[in-house]
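The values are calculated or read from the model by the stated rules, or taken from the named source; none is laboratory data. Being a predicted model, the structure only gives us computed values, none of them experimental. Positions of Cβ are backbone-derived with ideal geometry, glycine not excepted, and every protein chain shown enters the neighbour counts. All accessible areas refer to the heavy atoms of the entire protein, side chains included, with ligands and DNA or RNA removed. Shrake-Rupley method; radii C 1.70, N 1.55, O 1.52, S 1.80 Å.
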Amino acid sequence: MKNLVSIILCLSPILGHAQNRDTFDPRVTELWDPKPKQVTAMPLLLAAPSDAILLFNGKDLSEWTSGDGSPAQWEVKDGAMTVVKGKGDIKTKRLFGDVQLHLEWRTPVVIESEGQGRGNSGVFLQERYELQVLDSYENTTYSNGQAGSIYKQHIPLVNATGKPGEWQSYDIIYTAPRFGDSGRLVTPAYMTVLHNGVVIQNHAAIWGPTEFKGVPLYLAHSKGSIKLQDHGNPVSYRNIWLREL
Ligand code: MG
C-alpha cells in the first residue's frame, strides 16, 4: 500500500498536468469495492477543551464567511447551522495548518434522492482536502465517495454512519502537507478520522486536493480555512472546535 501511495504521489504531477479535467469522465475515479462493513456506534459529543478555538458557538456565524469573502448565509437555529441551498460553501475566517478538529453533523431526517444526492456536504481541510459528509445509512454509492471517505481517494475502514436525522461526530487529526524549494512536495497531508468514535481513516496519506474529475495534483500552499460544503442538501453542523497542533 505504501508503494502504491508513493507511485501515485510521484506520478500525480505528470498525470495532473497531462489530463483535461473538462473532458475527464468522473466515473473513472469512482471505486465501488470493497464496501465497508456497517458498524453501529455512538457519537462523541465532546465539549471543547480549554485550549480549543471555538469555530461555532451555536449562535452566529462570526467565525465564517462565504467562499468569496462575503458574509456566510447559512441558517443558524437551535444551536446548529444548516446549509441553505445555493448560498454556497462557507469557510473559517482564520487559517490553519495542523489541527485536531471536532464537529458534529446531521443529515436530513426526510430522505430525498439517493447516492451522492442524499445528505451530501463535506469538511475541507485547508479548503482543499475533503472528508466526505453523506447520508451513508443504507445508501449505496461508490465506496470512495461515501461518508468518511477522503473523497475519491480513501475508502473508510468501516461505515460508522448513524441514522438520518441523528447527530454524528467527526474527530479529525490532520497534518498539513509540507513543501520545499520551488513548491516541491516533501510530505503529503495526512488524516486520521474517528466517525462516531470509530477509527475510519488511520493516518491516510492524501494524494492531493480533492477532485471530482481527474487525478489530484499537489500545488504548494500555506495555511488555509476549514471549509464546509453546500452540496444542495440541508445538512446541519454544531459544536465545531479545533486545537492547533
Ligand atoms: Mg461532499
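Filter the range 190-245 down to the residues that are aromatic (F, W, Y) and in a strand (DSSP E or B) and list them by number. I'd like the intermediate steps shown before the answer.
First, pick out the residues of the range 190-245 that are aromatic (F, W, Y): 190, 207, 212, 218, 237, 241.
Scanning the range 190-245 gives Y190, Y237, W241.
Could you grab me the full set of residues in the range 90-103 that are within 16 Å of the ligand (Cβ to nearest atom) and open to solvent by 10 Å² or more (accessible area, probe 1.4 Å)? Within the range 90-103, just K91 meets the criteria. Whenever a residue of the range 104-124 is over 11 Å from Y237 (Cα atoms) and open to solvent by 30 Å² or more (accessible area, probe 1.4 Å), its partners that are outside any loop (DSSP other than H, G, I, E, B) and within 15 Å of the ligand (Cβ to nearest atom), lying with C-beta atoms within less than 7 angstrom and at least six residues away or across chains, give the pairs Q116/G145. Confirm whether T210 is modelled with pLDDT of 95 or more, touching a Lys or Arg at 6+ places or on another chain (Cβ under 7 Å) and crowded, with 19+ Cβ neighbours inside 10 Å. Judged against the criteria, T210 is a match. The residues of the range 145-189 that are more than 16 Å from the ligand (Cβ to nearest atom), closer than 17 Å to W207 by Cα, open to solvent by less than 20 Å² (accessible area, probe 1.4 Å) and outside any loop (DSSP other than H, G, I, E, B) amount to a single one, Y174. If the condition is being within 12 Å of the ligand (Cβ to nearest atom) and either of a type in the set (D, E) or at pLDDT below 95 (or both), then the range 125-143 contributes E130, D135. Across the range 127-155, the number of residues qualifying as over 24 Å from K37 (Cβ atoms) and in contact with a Phe, Trp or Tyr (Cβ under 7 Å, 6 or more places away or on another chain) comes to 0.
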